[in-house]
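The values are calculated or read from the model by the stated rules, or taken from the named source; none is laboratory data. All values reported here derive from a predicted model rather than from experimental measurement. Please note: Cβ atoms are built from the backbone with ideal geometry, for glycine as well, and neighbour counts cover all protein chains shown. With ligands, DNA and RNA removed, areas are computed over all heavy atoms of the protein, side chains included. Shrake-Rupley method; radii C 1.70, N 1.55, O 1.52, S 1.80 Å.
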Amino acid sequence: MVDPIAALTSHVQKAMVAALGDEFASADPVIRPANKKQTSADLQVNAAMALAKKAGKNPREVAQSIAADLPPDDLIESVEVAGPGFLNVTLHSRWIAEAAASMIGEPLLGTVLPEQQTIVIDYSSPNAAKEMHVGHLRTTVVGDSLARTLEFLGHDVIRQNHLGDWGTAFGMLVEHLLEVGDGSDDAKLLTIDPNAFYRAARAKFDADADFATRARARVATLQGGDPDSLRLWREILDLTKGYLRRVYSVLGVTLTDDDIAGESSYNDELAEVCKTLEDKGIAVMSDGALCIFSDEFTGRDNKPVPLIIRKSDGGYGYATTDLATIRRRSLQMKADRAIYVVGAPQNLHFRMVWAAADKAGWIKGTEPVHVQIGNVVGTDGKILKTRSGDLVSLQSMVDAALERAAAVVSESRPDLDEQTRNTIAHQVGIAAVKYADLSVSHASGYTFDLDRMVAFQGNTGPYLQYATARIRSILGRADVVDPKGPIVLGEPAERDLALKVLEFGSVVNQVGETLEPHKLAAYLFELATTFTAFYEACPVLKAEDAAVRDSRLALCRLTLEVLTRGLSLLGIEAPDQM
């Protein structure tokens, strides 16, 4: 075991039993990294503060009793009672060094895998025949990072791209495609500028009454299974898939065509979903529509808010599709967790859908989770929109980041050939976009500020990439082919770095539980800054003797392994040079 907190936990729990009795055997020791501004200790145990009332004792008295049963050993160097009842614990440097050395070259880097789960994760979810916009950026980036992290933790991850590929708009789109012709330049817009195709269809729909009538009729024809309508619909989807493949490839996102589970894939189940809910008395007719009312969800008038599952015209909406979705993910896919990486405004909708599905018996052993996504705003604090009022396209944001990164790399590395500069610029630009998103809580908004995002200093993706490139440079100039230690911690900066790398596994496990990738981003930034302090304080290639040099090279290698693995879980590449 290399996680210091996990290693200390068993020691403290035994001490709590010895001090307070068997009933405290499973109590949380409440161990946290110590505040280095207040103490030189490594870890702080706060158990006494929580247990004192139950034990009927003073917190400091409880802390002293626990400390008395924590004698120095191979793990613990010293224990100090501080303040009203905190325990400051200093670990043996030898234990830290040996634990760090054991991580080198180890695929999991000290991560203890949790019990395996089947996890369905729904993310990205754009609309067919429409260009992805700024609103899709965060769900795509956050969702992909979570999928990568959960897979690293050994879970069976099933990606789902809930593509908007059905409904009334497709009558309009199919009719427009029928008029412009399959192989026309207008049709090709679906792969290069989907919004242009959609806007052209919409303009025709608004201006031409005859076209609008045909488009509405086409919806019924399409949903009725008309072969020619379905052929054109499939063509629109195929062209949309080509567009998505290109966007995901540029972003380095792991979604594929096989992960698409669009709204259309549930079409054959919707009538049965409605009938079952009505037969069970969960859904009732109201003003011609089939609705679900629940006292859990009320409006300003304190009356239940209706969840409409079949419209008065017989059509189905998002609620019906989402009911079929959770039913399939629970009963057929047997998901332990069904994760929805979707905008925060959809939270009420999801809670209403899941409550109805649960009443119907459609959620068996599955925990539905909404990972709420906040907005991306500009430097003026407003949601990013074009002059026409449309949301800024995702591609334009990525292109702007890549252009800015290319300028930065060209200025900083004019010595490199153009192809190498272009490769690095792409890696830096994508890292800038992703890290800016992932370094803040997914529920919070963040500011899209290119100057800050592509900077090589500060809490940015390029700064972390630069740290990995610096370490590669050090290792590349060493005459040691495969530095493995042993690690010896003689300087405080060495010890701080070794202790920091040991946190990796617990941080990744925490992300797997709480679904908060910003915690991994924060850890990687702390690790990079800790390495910088180490590098400034401790010469590596010019160390005073060979043993110290080899130990520091091993620390460099381990830091590189942790940084590159952590960045990969965020979906960020680590360039060989910068």
>> Just the residues that are over 21 Å from V376 (Cβ atoms) and of a type in the set (A, V, I, L, M, F, W, C), please, taken from region 442-476.
In response: F456, A467, A469, I471, I474, L475
> Do we have L108 as surrounded by fewer than 18 Cβ atoms within 10 Å (Cβ to Cβ) and of a type in the set (A, V, I, L, M, F, W, C) here?
Replying inline: yes
> Can you name the residue in region 269-324 that is more than 35 Å from the chain's Cα centre (by Cα) and acidic (D, E) and is also surrounded by the most Cβ atoms within 10 Å (Cβ to Cβ) among such residues?
Replying inline: E278
> Within region 133-154, is even one residue out of contact with any Cys (no Cβ under 9 Å at 6 or more places or on another chain), assigned to a helix (DSSP H, G or I), open to solvent by 10 Å² or more (accessible area, probe 1.4 Å) and over 30 Å from R337 (Cβ atoms)?
Replying inline: no
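Out of the residues in region 201-219 that are touching an Asp or Glu at 6+ places or on another chain (Cβ under 7 Å) and open to solvent by less than 60 Å² (accessible area, probe 1.4 Å), which is modelled with the highest pLDDT? Steps first, answer last, please.
Residues of region 201-219 that are touching an Asp or Glu at 6+ places or on another chain (Cβ under 7 Å), as a first pass: 211, 214-215, 218.
So of that shortlist, the ones also open to solvent by less than 60 Å² (accessible area, probe 1.4 Å) come out as 211, 215, 218.
On the way: F211: 93, A215: 89, R218: 87.
My answer is F211.
For region 268-278, indicate whether the set of residues that are touching a Cys at 6+ places or on another chain (Cβ under 8 Å) and over 30 Å from S124 (Cα atoms) is non-empty.
If we filter region 268-278 for residues that are touching a Cys at 6+ places or on another chain (Cβ under 8 Å), which is where we start, we get none.
No: zero hits.
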>> For region 432-450, check the following and say yes or no: at least one residue is open to solvent by 20 Å² or more (accessible area, probe 1.4 Å), touching a Pro at 6+ places or on another chain (Cβ under 8 Å) and under 15 Å from A574 (Cα atoms).
In response: no
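Can you tell me which residues in region 521-539 are open to solvent by less than 10 Å² (accessible area, probe 1.4 Å) and either touching a Leu at 6+ places or on another chain (Cβ under 8 Å) or closer than 11 Å to I474 by Cβ (or both)?
Correct list: A521, L524, L527, A528, F531, F534.
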> Which pairs have Cβ atoms under 6 Å, sit 6 or more apart or on different chains, and link a residue in region 204-223 that is within 18 Å of I236 (Cα to Cα) to one that is aliphatic (A, V, I, L, M) and surrounded by fewer than 18 Cβ atoms within 10 Å (Cβ to Cβ)?
Replying inline: F205/A212
> Within the group A55, A19, A97, A41, which residue is without any contact (Cβ under 8 Å) to a residue 40 or more places away in the chain and surrounded by 16 or more Cβ atoms within 10 Å (Cβ to Cβ)?
Replying inline: A55
> Under the condition of being of a type in the set (V, I, T), part of a helix (DSSP H, G or I) and in contact (Cβ under 8 Å) with a residue 40 or more places away in the chain, which residue from region 155-200 is least open to solvent (accessible area, probe 1.4 Å)?
Replying inline: V174
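Name the one entry in L232, L239, L244, L222 that is modelled with pLDDT of 90 or more and part of a helix (DSSP H, G or I).
On the way: L232 fails: modelled with pLDDT of 90 or more; L239 fails: modelled with pLDDT of 90 or more; L222 fails: modelled with pLDDT of 90 or more.
Testing whether each residue is modelled with pLDDT of 90 or more and part of a helix (DSSP H, G or I) leaves just L244.
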